[in-house]
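Read the structure below first, then the notes.
The values are calculated or read from the model by the stated rules, or taken from the named source; none is laboratory data. Because the structure is predicted, anything quoted here is derived from the model rather than measured. Every residue, glycine among them, receives a Cβ derived from its backbone with ideal geometry; neighbour counts consider all protein chains shown.
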Amino acid sequence: MNHLKSLYTAGSKSALTLSLIPFLILSGCQKAPDVAQQKAAQPTPTPKPEPQAHVFVDEAMLAKPYAVIGGTVQNVGKERLEKLSVQVELRRRADSGVETREVKVDPADLEPGAQGKFSLKVLSEEWSGSRVVGVKRGAGAEEVAFKSMPGAKRPPERMKDNIIIVKTPSKKKSGGDDFINTPDNPYSVP
């Protein structure tokens with residue numbers, strides 16, 4: 001009986017193996033996708049344009065209840081940039097939503113190598129953060145390629161010069177009677 005069981009299990013294993021062989025052969029015969037077609041299907045990345053301006057973003061200055069967001073724009077291109085403005089994205093404290101504001105650069109026209117400043121005053125209670133998202137020029141608001149870099153650091157906050165004098169209680173003058181429980185004055189604990 002055991003001999004028949006082993007023949008049956010061996011036969012079922014070989015039948016299973018034989019039934020899988022045609023599937024393996026057919027899957028190996030399929031043509032692999034062409035590498036050239038895959039490369040053609042992928043969009044070619046466009047190179048980033050050379051920046052025409054460097055934006056140095058200063059750390060926000062606190063002037064209670066306001067925060068002053070500002071920085072410097074430097075023209076590093078070969079042509080004059082006219083009617084410049086900087087787009088600043090502000091993040092709300094309440095719902096983490098964003099709002100974009102356009103800030104004029106002073107002076108608005110920059111020759112190659114020249115610098116201009118921008119500044120925006122917002123309530124610090126309403127906004128939690130900011131970042132520069134764009135630079136525009138001209139009446140048509142044409143985008144200018146820029147590179148954002150850290151600017152001036154915030155100066156350390158000054159502490160008020162309040163001097164607090166704490167009076168410590170004076171020690172009692174002892175006449176040598178500091179010890180209560182001595183052989184001369186035994187003290188019993190009830």
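The table that follows gives values for the structure above.
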read-out	value
Residues of region 42-85 that turn out to be assigned to a loop (DSSP other than H, G, I, E, B), closer than 22 Å to residue 112 by Cα and not acidic (Asp, Glu), as a count	10
Test: residue in region 50-60 that is modelled with pLDDT of 70 or more, small (Gly, Ala, Ser), closer than 30 Å to residue 125 by Cα and exposed (fewer than 15 other Cβ atoms within 10 Å of the Cβ)	no
Considering residues of region 124-144 that are hydrophobic (A, V, I, L, M, F, W, C) and at pLDDT 90 or above only, the residue surrounded by the fewest Cβ atoms within 10 Å (Cβ to Cβ)	133
Test: residue in region 76-93 that is over 25 Å from residue 138 (Cβ atoms), in the same structural domain as residue 137 (by TED's automatic domain parsing) and aliphatic (A, V, I, L, M)	no
Residues of region 86-117 satisfying the condition of being acidic (Asp, Glu) and assigned to a strand (DSSP E or B)	89, 99, 102, 106
Hey, residue 21 at pLDDT 65 or above and not assigned by TED's automatic domain parsing to the domain that holds residue 138 or not	yes
Subset of region 145-182 that is assigned to a loop (DSSP other than H, G, I, E, B) and among the hydroxyl-bearing types (Ser, Thr, Tyr) - its residue that is modelled with the lowest pLDDT	174
Some residue of region 85-104 being of a type outside the set (Val, Ile, Thr), more than 26 Å from the chain's Cα centre (by Cα) and under 24 Å from residue 54 (Cβ atoms)	no
